[in-house]
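Only one structure is covered here, and it is reproduced in the block below.
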Amino acid sequence: MGSKRRLDSIDRQIIAMLARAPQTSNRDIAAELGVAESTISVRVDALVRDKVIKLSVQQNIIKAGYGVLGWIDVSCAFADAERIAAEIGKIETVFSISLFFENPFLQIMVFAQGTADIRDLVENRIGVIAGVDAVAADVSIGEACIKQGIASL
């Protein structure tokens, strides 16, 4: 950015709306501010290009067909951790795997249609992998995930 970008009232309102609700569409912002959707698109592109804001991807698990976000903790021997992580990574509903070397254990984030799917993952897919010592799971249920409630299996 060669010269410092000067933000006007519309830019500041766009930033404020996105800060409150990052998933707000350009159409909704345009309607709220009384301007054309193309105006919002051009301004958001400029705000990103000028590094005033940064976009990131956030998946709506409900629209993707899932109702539960789960965290599965897997205890295992240090020597087995990477192999186990590779096996778990083949499961289609696994979103991310974090490997912690101090314990060691793996923390897996998964999407599921319900708690029964999480239980199946724990008991029949992850818990049976050679080298897995223990498995525990927490789930978040609802569209706002963490806001609506967390339960343990």
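The values are calculated or read from the model by the stated rules, or taken from the named source; none is laboratory data. Since we're looking at a predicted model, the values are computed, not measured. Glycine also receives a Cβ, built like all others from the backbone with ideal geometry; neighbour counts cover every protein chain displayed.
Go through S75, S38 for me and flag whichever is of a type in the set (S, T, Y) and part of a strand (DSSP E or B).
Details: S38 fails: part of a strand (DSSP E or B).
Exactly one residue qualifies, and that residue is S75.
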> If you take the residues in region 111-153 that are at pLDDT 90 or above and in contact with a helix residue (DSSP H, G or I) (Cβ under 7 Å, 6 or more places away or on another chain), which one is farthest from E82 (Cα to Cα)?
Replying inline: V135
>> Let me spell it out: the conditions are (1) at pLDDT 90 or above; (2) over 18 Å from the mean Cα position of the chain (by Cα); (3) outside any strand (DSSP E or B); (4) within 30 Å of E123 (Cβ to Cβ), and I91 meets all of them except one. Which number is the exception?
In response: (2)
>> Given the criteria under 25 Å from A134 (Cβ atoms), at pLDDT 90 or above and of a type outside the set (A, V, I, L, M), does R43 qualify?
In response: no
